[in-house]
Every structure is written in C-alpha cells, then in structure tokens.
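Here is the structure we will look at.
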C-alpha cells in the first residue's frame with residue numbers, strides 16, 4: 001500500500017506542476033522568451049533551475065534544439081486532442097494521432113556548451129544584452145547541437161557571423 005501511495009503523490013505533484021507553471025513555460029518558450037523573461041512572467045513560486053529544465057526539455061521535444069540534424073524526409077505523426085463529452089456530461093480529452101509530414105526547418109550548429117571564458121567574452125562583444133540573456137538561459141550540453149532558425153535566432157546568428 002505505501003508504494004501506491006507514493007506513486008499517487010508523485011502523479012499528483014506532476015499534475016500540480018503542470019497546471020501551475022509547465023504549460024506556461026512551454027508556451028513562452030515557443031514565443032522565444034528567454035529564461036529571465038519567463039521568470040519575470042511567472043507568478044507561481046518555482047526555482048530557476050526547474051524552469052530552465054522544463055524550457056530545455058520542451059526545446060528538445062518540439063525540435064527547437066536537436067542533438068542531431070533531423071531527417072527532412074521523415075514522416076512525423078500529427079498529434080491533437082479532441083474534447084469529448086460523456087453520457088453524463090463529463091468532459092475529457094482524447095488524443096488523436098494522424099500521419100503527417102515533417103516540417104522543413106533550417107538549423108544551425110551551436111557549440112555554446114563547449115565555450116570557455118574567452119569564447120563567451122567574444123560572444124558578448126558581438127551580441128546585445130537580450131541575445132546574451134537568451135543564449136545563457138539555455139543549459140547547452142558540452143557538445144554541438146542544432147538550433148532551429150527561429151526569428152530570434154536568425155538575428156543572433158546574423159550578428160555572430162558578422
């Protein structure tokens with residue numbers, strides 16, 4: 001019985017965190033907010049590390065950051081949720097999976113996690129405060145990863161290549 005109680009508390013805690021801040025963090029990440037901007041926006045007390053972890057996990061899941069270049073010809077499933085009402089009026093969501101095609105995005109290699117102090121200083125000379133805030137808020141792994149060319153990252157990339 002204690003094991004099932006632990007599992008229930010764990011599931012309840014996950015649901016509470018999802019409702020309290022995780023959905024907001026994912027939404028703000030999709031809108032290209034930096035970690036600092038997200039922290040300013042949240043009204044729920046949550047640690048910076050937890051927000052950063054949620055932000056990075058979402059970037060990996062949504063393909064904003066990829067550990068290897070995505071296959072452009074790959075077929076991806078399109079996932080959506082349909083609101084249904086039961087016989088007694090209870091509403092619930094049902095997951096619907098449809099075949100789709102992978103969206104074609106341009107990616108650029110990023111090795112920010114491998115930079116030393118001198119490398120970060122060179123970056124700071126080329127970028128403005130908001131760009132540095134965005135890049136430093138992401139917990140870059142110690143290897144080259146690929147960042148999707150979003151509107152914000154196009155500006156960062158352009159300034160870095162200048």
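The values are calculated or read from the model by the stated rules, or taken from the named source; none is laboratory data. Worth saying up front: this structure is predicted, and the values here are computed from it rather than measured. Positions of Cβ are backbone-derived with ideal geometry, glycine not excepted, and every protein chain shown enters the neighbour counts.
Those strands (runs of 3 or more DSSP E) of the range 46-162 in which 3 or more residues are surrounded by 11 or more Cβ atoms within 10 Å (Cβ to Cβ) and either on the phi < 0 side of the Ramachandran plot or assigned by TED's automatic domain parsing to the domain that holds residue 28 (or both) occupy 107-110, 145-148.
Considering the range 27-45, and only residues there that are assigned to a loop (DSSP other than H, G, I, E, B) and in contact (Cβ under 8 Å) with a residue 40 or more places away in the chain, the residue that is surrounded by the most Cβ atoms within 10 Å (Cβ to Cβ) turns out to be 34. Test residue 114 against the criterion of being closer than 24 Å to residue 39 by Cβ and out of contact with any strand residue (DSSP E or B) (no Cβ under 7 Å at 6 or more places or on another chain), and give yes or no. Against the criterion (closer than 24 Å to residue 39 by Cβ and out of contact with any strand residue (DSSP E or B) (no Cβ under 7 Å at 6 or more places or on another chain)), residue 114 does not qualify.
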